[in-house]
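Asks: This is the structure I have questions about; it appears just below.
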């Protein structure tokens, strides 16, 4: 499983068996876990295709690749916590999900207008930043690929900040600068940022629940 941030694995890690540290060159976060009689590698290295390329610089000894994590809704019908699946659908689904296209862009779609424009241009259900790069790697290695994303912000909502302004040279989010920006506007930005954090925690839990209802 490949995600952008370690927190996107929180709901999954609560449900797996033994979790072990994993040495994975190029990854900021890496774990090996036993789950459903299978061995899983959980890899995260930050947002965007450049960091995917760095984390997947070598072919892993796996038989499939899943891109997982948060996404922004482009379809106005989607709500926080909704699951969107693209590519190979996991077997034994015991929970609801939406089958839809996922568009990857190397920036945060932070306004409702930008999401609306992306929806009109692509017809995609959701937007995120990594899955296209992960899919490209899977294709290069002739591995089955699937994308399982969970909505963390709705189509008609602006995010509390333009997070693109707080990415470093590699594309990672600079959390200290984000916190300072929020503290500078404690009555407007800070409450919305806290709500986004709650929505992300809810989304991570929902992702873990969903994957727990899949066979493998």
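Bear in mind that the values in this text are calculations on the coordinates, not laboratory data. Remember, predicted model here, so these are calculated numbers, not experimental data. Backbone-built Cβ (ideal geometry, glycine too); neighbour counts: all protein chains shown.
Asks: Would you mind putting 56-62, 127-133, 5-11 in packing order, based on average other-beta-carbon counts within 10 Å, highest first?
Replies: Put in order of decreasing packing, that is 127-133, 5-11, 56-62.
Asks: Would you mind getting me the FRET efficiency between residue 185 and residue 63? Use the beta-carbon distance for r and R0 = 35 Å, nearest 0.05.
Replies: 0.15
Asks: With Rg and Dmax of the Cα atoms in Å in mind, check [x] 19.5, 62; [y] 16.6, 51; [z] 15.5, 46 and report the label derived from this structure.
Replies: Derived directly from the coordinates: [y].
Asks: Starting from the Cα-Cα distance between residue 54 and residue 101, subtract it from 0.36 nm times their residue separation and give me the gain in nm to one decimal.
Replies: Extra length from residue 54 to residue 101 when fully extended: 14.4 nm.
Asks: A further question follows. Using Cα-Cα distances under 8 Å and only pairs 6 or more residues apart, what relative contact order does the range 2-212 have, in percent?
Replies: 27 percent
Asks: Continuing with this model, one more query. What is the spin-label model distance, in nm, from residue 177 to residue 212 if the labels are put 7 Å beyond Cα along the C-beta direction?
Replies: 3.8 nm
Asks: If you don't mind, another one. Okay, helix-only estimate at 222 nm for the chain: each DSSP H run of n ≥ 4 adds -39500 (n - 2.57), divide by all residues, round to 500 deg cm²/dmol; what do you get?
Replies: Rounded to the nearest 500, it is -9000 deg cm²/dmol.
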